[in-house]
Amino acid sequence: QVQLVESGGGLVQAGGSLRLSCTAFGSIISINAMGWHRQAPGKQRELVATITDGGIPEYADSVKGRFTISRDNLKNTWYLQMNRLKPEDTAVYYCNADAISSASYYHTDYWGKGTQVTVSS
């Protein structure tokens, strides 16, 4: 029905940058909020950033001023630009979307499989 695929993770030194991408595939009627979460080893999943269908972003305090979330509605794609990366940003990053598909017509929170971001000291 709906599948999310993220990419763009990798290994980078502290102070570097990465841009993550997420694309939704399938029978999508609409996507409301889009977002990014991350989970570091031994820690709980953490909200990183969200963006509404109107383009209003929100960020976790730990990434404000460094990360930027954006969306391309025509492509059903959203991005997380990560600048001035720190070792504490090391985690698996997951994209998610609140979407309605033509199959169910219910609001459903869909998740990608994750992409690894590793920031070395």
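The values are calculated or read from the model by the stated rules, or taken from the named source; none is laboratory data. Values in this document were obtained by computation on a predicted structure and should not be read as measured data. Backbone-built Cβ (ideal geometry, glycine too); neighbour counts: all protein chains shown.
Checked against (1) touching a residue at least 60 places away in the same chain (Cβ under 8 Å); (2) part of a loop (DSSP other than H, G, I, E, B); (3) within 27 Å of Q1 (Cβ to Cβ), G15 meets all criteria but (3). The set of residues in the range 44-60 that are surrounded by fewer than 19 Cβ atoms within 10 Å (Cβ to Cβ) and touching a residue at least 12 places away in the same chain (Cβ under 8 Å) comprises R45, E46, L47, T52, D53, G55, P57, A60.
Taken together, A33, A40 contain a single residue that is closer than 12 Å to N96 by Cα and aliphatic (A, V, I, L, M), which is A33.
Out of everything in the range 90-121 that is assigned to a loop (DSSP other than H, G, I, E, B) and within 16 Å of the chain's Cα centre (by Cα), what residue ends up being surrounded by the most Cβ atoms within 10 Å (Cβ to Cβ)? That would be G112. Taking the numbered list (1) β-branched (V, I, T); (2) surrounded by 14 or more Cβ atoms within 10 Å (Cβ to Cβ); (3) in contact with a Ser or Thr (Cβ under 9 Å, 6 or more places away or on another chain) in turn, I29 passes all entries but (2). Please specify each residue of the range 62-75 satisfying the condition of being at pLDDT below 95 and either hydrophobic (A, V, I, L, M, F, W, C) or buried (at least 16 other Cβ atoms within 10 Å of the Cβ) (or both). Within the range 62-75, L74 is the sole residue that qualifies.
With respect to the conditions (1) within 13 Å of the chain's Cα centre (by Cα); (2) among the hydrophobic types (A, V, I, L, M, F, W, C); (3) under 25 Å from A103 (Cα atoms), L18 falls short on a single one, namely (3).
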